Structures are given as C-alpha cells and as structure tokens.
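Take a look at the structure below.
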Amino acid sequence: MRQQFDVAERVRQVIGEAGCTQREFARRVVMDPSKLSRSLSGSRRFTVAELARIADAGNVDAGWLLGTTTDGAADGAVGGEAGGGAGRADGGAAGAPRPPAPTAPPDSGRPLQIVRETVRLIAERGFHAVRVADIAAACDTSTATIHYHFPGRAELLEAAVRWCMDEDTARRAARIAEADDAREELRQLIALQAPYTERQRQQWLVWMDLWAEAARSTAIGRLHADFYQQWRRTVAEVIRRGIEQGVFRAVDPQSSALRLTALIDGLAIQVLATGPGAGGTTAEAMDIACNAYVDTELTARRSGADAATARRSGTDASGPTADQPGP
C-alpha cells in the first residue's frame, strides 16, 4: 500500500512539472480524468500502461515512477498493475530525485501519436480491420511499443473514442464562448455534430465502430453508456439553461435531450452512408433538420406582436404563435 501512494506522489510530481491542470494532463495521457483522480488519491492503482503514457508525457523513466530506479535509468520490462509485485523496491517519493523537465511539447508524445493514427485507421478501414501492426507501421514504431502503451484492442478503442470526445469538447468550448443564449449554444452544438469536415467524419466513423462493438462486448458497452450519459447530460444542461432564460419552453430536459441526440445520431448515419455529392443526406440537411426540431419542439412561443416583428425582420423561426395558428 505504501508503494501505491509513493507512485501516486511521483505522478503528482510529473503533473506539477508539466505545468498544466490535472484534467489537461489526463487528456495528454489519454486517460479518464476520474481514473486519474482515483489513482492519485490511492483508491485505484495505476496500470503499467497508464504509467508508461505518463512517463512518456512527462519525459521521465517509467522505472522511476514505479520506484524501481532512482536515477532515471531504465530498468527493463514491468508488468501487471503498478504499486505491487515482486522485484519492486519500496522507494519513497520524498527521497526520489525530481524528474527532468519535458524537452518536447506534450502533443508530440508517442501515446497521442498512436491514438491519432488509430482514429485515422479506424475511420478508413473499420475497427476490426485494423491490426496493431498497421498502427505500428503508421507510427513508424514496433508492435511492442503499441502494446506497451495500450495493452489490448479494447484500450485502443477506448483511447480513440476518448480522444474524439476531448477534441469535440475543445471545439465546443471555442464555438459557444460567444453564444448569446442557450438557444444559440444548442445551434452551435448541432453544427459541431454535423459531419462537415473530414475530421468530423472520422470521429463519427469511430463512434459507429463503438456502437457495433458495444453490442457485442460488455466492457465496451459500459464505455458506450458512460460516454452517452455525458453527451446527453451536456445537451440537457443547455436545454435547462434555455428554459431558465425563457428561450425554451418548459419541457423535460432529459427527454428532449434523448430525442435530439437520437435525431442527430440517425441523421449522421445517413450522411456517412453516402459520400459527398452522391445524392444522399448532406451535413447541411442534417443541420437544418436538427435545428427545425429545436425550433418546433423547444423554442418558446413569442407573443403576437413579437412574432409579427420577427417575421417582418425575417428572423422568426419559432413556428406558429398562439395569435398566428398554423395551417
């Protein structure tokens, strides 16, 4: 148990040297932030693969993190979970030397390179058609290196999906920063989900592989459920804010989020099923359809005077009002 806490202290030291938040460091090492937090508190052990990625991001020796070396020299292979097992010295974090400062930007680290290439290959070929050897070749490294950072295919798929989510979160924060209200936030969220760009198409293709794998794997199914809860919670929170602001009607945020995300998923599949210019559903059509749902099902009805003013200015998208019934 003592060594488990020593490992956590060394990881804290690496995070401190990295000069970023704990959440940002979790993104850099492609790790669930909650798992990192639990491991640092001692309620969960770091896996060796996680420590390998932490060592890579912090430019320190994995043996130093484990307490098996004190001078930064490599000490050979390690296995199993960190914090226990034969042959590991019980070196305390307090007496260990400070790790060297990173000499390269974190985004140039091997784990992120592996994940990016995994995303690209999954999007091009499908998860089951991608071999570890293919990823190694794309990264100009060995299969042993891939397994060192990500022991199995499930870990690679999880890392790929998590990276896509982190990318989406970063884009979302940038796009909605200037939104005037929750209705505009929701429009921006929809625009980010419509696969306009090649990067967005890649991420949707990874999601589709996650769905297929989740139907056959209990572990991946749990991952799928966790990610979808986060996504629906995000949409529900925006809807809830819109209700408080008066731009949305008094609907059930959770139910509305479920319907809207289901609409987004279904239309995205139609967009991806046909290539650009092939005559199928386009990203633009998906964007318009999802916004039409927001306008008809969520947007608060305006008074007759406000609606008339909006129609004259060409900005009304909320549908018929009480004073102006539809056909």
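Please treat every number below as a calculation from the coordinates, not as lab data. Just so it is clear, the model here is predicted, and its values are computed rather than measured. Positions of Cβ are generated from backbone atoms using ideal geometry, with glycine treated the same way; all protein chains shown enter the neighbour counts.
Taking amide H positions as modeled 1.01 Å from N, with prolines and chain starts lacking one, the residues under 5 Å from residue 248 and 5 or more places away or on another chain are 243, 300. The phi torsions of region 225-241, fed into the Karplus equation with coefficients 6.51, -1.76 and 1.60 and a -60° offset, translate into couplings of 4, 5, 5, 5, 4, 5, 5, 5, 5, 4, 5, 4, 5, 5, 4, 4, 5 Hz, rounded to whole numbers, with Gly and Pro shown as x.
The share of C-alpha pairs in region 155-311 whose separation exceeds 26 Å stands at 30 percent.
For residue 59, no residue whose modelled amide H falls within less than 5 Å of its own remains once neighbours fewer than 5 places apart on the same chain are excluded. Report D for region 107-153 in µm² per second (integer): Stokes-Einstein, Kirkwood Rh on Cα pairs, 10 °C, 1.306 mPa s. For the chosen part, D equals 152 µm²/s. Amide H contacts of residue 47 (H built 1.01 Å from N, in plane; Pro and chain starts excluded): 82 sit under 5 Å, all sequence-distant by 5 or more or on other chains.
Loop-located GluC sites (Glu not before Pro) in region 153-225 (DSSP state other than H, G, I, E, B) with a sparse environment of at most 13 neighbouring Cβ atoms within 10 Å: 178.
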